[in-house]
1. Show the residue pairs that are 6+ apart or on different chains and have beta-carbon atoms under 6 Å apart, the first residue being within segment 106-118 and at negative phi, the second being surrounded by 15 or more Cβ atoms within 10 Å (Cβ to Cβ) and part of a loop (DSSP other than H, G, I, E, B).
2. Only one of (1) within 11 Å of the chain's Cα centre (by Cα); (2) closer than 25 Å to PRO77 by Cβ; (3) not polar (S, T, N, Q) is not met by GLU121, so which one is it?
3. Please verify whether segment 213-231 includes one or more residues that are among the aliphatic types (A, V, I, L, M), assigned by TED's automatic domain parsing to the domain that holds ASN161 and exposed (fewer than 15 other Cβ atoms within 10 Å of the Cβ).
4. Taking the criterion of being of a type in the set (Val, Ile, Thr), under 30 Å from ALA243 (Cβ atoms) and either surrounded by fewer than 19 Cβ atoms within 10 Å (Cβ to Cβ) or without any contact (Cβ under 8 Å) to a residue 24 or more places away in the chain (or both), would at least one residue in segment 152-163 satisfy it?
5. Only residues that are in contact with a Leu (Cβ under 7 Å, 6 or more places away or on another chain) and in a loop (DSSP other than H, G, I, E, B): list them for segment 213-227, please.
6. Return only the number of the condition from (1) out of contact with any Cys (no Cβ under 8 Å at 6 or more places or on another chain); (2) under 19 Å from LEU181 (Cα atoms) that GLN236 does not satisfy.
7. Under the condition of being buried (at least 18 other Cβ atoms within 10 Å of the Cβ) and not small (Gly, Ala, Ser), which residue from segment 176-190 is farthest from ALA233 (Cα to Cα)?
8. Taking segment 177-212, which residues are closer than 13 Å to ALA240 by Cα and either hydroxyl-bearing (Ser, Thr, Tyr) or in a loop (DSSP other than H, G, I, E, B) (or both)?
Amino acid sequence: MRNASLIPLLLLVTAGHAQVIIDRSVILTGSTDTQRQVIGLEAPQDDTELQTAGTEGPGQYRVAGPVTGNTWTVVLPALNAPQPGTHVVVRAPLALPGGITLLLNSSGPYPVLLADGNALEGTDLAEGLLLSLVFDGSAFRVLNGTADLPRTCATGSVPVNRQFCMETTQRAPKNFFDAALECHADGLRLCRWGEFYAACERATELGLLQMTDGWEWTNNSSNEDNSVRIVGASGQCMSAGNALASGSADRAFRCCSTR
């Protein structure tokens with residue numbers, strides 16, 4: 001409960017729940033916590049009313065339940081229209097591509113922006129992500145930045161899922177070590193065997209080319225010393241084999257990145 005000695009206190013004084021405003025500090029005295037409390041208050045319906053422990057505890061004045069679509073409709077009975085500095089926490093729904101806006105207690109909708117001023121996109125979000133938002137007077141800013149948002153895929157790559165991105169086309173054949181170094185030089189890495197299979201199964205949908213045209217290097221070792229897993233031959237996503245990391249033929253490859 002808010003410190004009753006610092007703000008006006010609203011007390012219920014009749015069976016009809018009438019309220020009276022006490023515009024002086026109220027000092028709660030007593031030898032125990034039970035004696036130092038105000039009871040009988042209803043949950044606040046306005047942000048000028050005293051916050052009760054029952055509302056404060058579960059965060060009902062700023063934590064929003066499920067919302068829908070890309071225009072998030074949020075109802076928080078303990079707040080009115082947002083004022084600069086209003087802080088809310090929203091659990092993201094499954095959103096669609098496009099910018100996110102927030103309608104708070106029928107006020108708005110207001111754009112939801114990242115700290116750098118760019119719009120928060122539906123494709124940036126995973127369903128259930130908790131976003132801490134503060135109102136700056138014209139928009140809600142994401143306080144938890146991009147730490148919980150997936151990284152943007154590199155040019156020439158597509159997001160396969162929330163975990164990783166993959167290049168759409170093969171790179172020119174090289175030996176395993178040169179292939180690994182080339183990906184690293186571009187801030188990427190060789191794709192893993194499991195990533196290749198997950199992407200290959202959705203190749204048409206994702207716009208991935210040459211997935212089963214011939215062997216590609218992966219970032220997985222195989223069951224022989226100095227041997228690497230290769231994938232993608234014979235027109236089959238599940239095709240896999242072993243190749244020596246040094247001394248074998250040059251092979252195509254593609255780079256991936258963790259989101």
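The values are calculated or read from the model by the stated rules, or taken from the named source; none is laboratory data. All values reported here derive from a predicted model rather than from experimental measurement. Glycine gets a Cβ as well: all are built from the backbone with ideal geometry, and neighbour counts include every protein chain shown.
1. Once the first residue is at negative phi and sits in segment 106-118, its partners that are surrounded by 15 or more Cβ atoms within 10 Å (Cβ to Cβ) and part of a loop (DSSP other than H, G, I, E, B) give TYR110/ALA139; PRO111/ALA139; VAL112/ILE100; VAL112/LEU120; LEU113/ALA139; LEU114/LEU120.
2. The single condition GLU121 does not satisfy is (2).
3. no
4. Yes - at least one qualifying residue is present in segment 152-163.
5. ASN226
6. Looking at each condition in turn, GLN236 falls short on (2).
7. Looking at residues that are buried (at least 18 other Cβ atoms within 10 Å of the Cβ) and not small (Gly, Ala, Ser), I get LEU188.
8. Once the filter is applied, which keeps residues that are closer than 13 Å to ALA240 by Cα and either hydroxyl-bearing (Ser, Thr, Tyr) or in a loop (DSSP other than H, G, I, E, B) (or both), segment 177-212 yields ARG192, TYR197, MET211, THR212.
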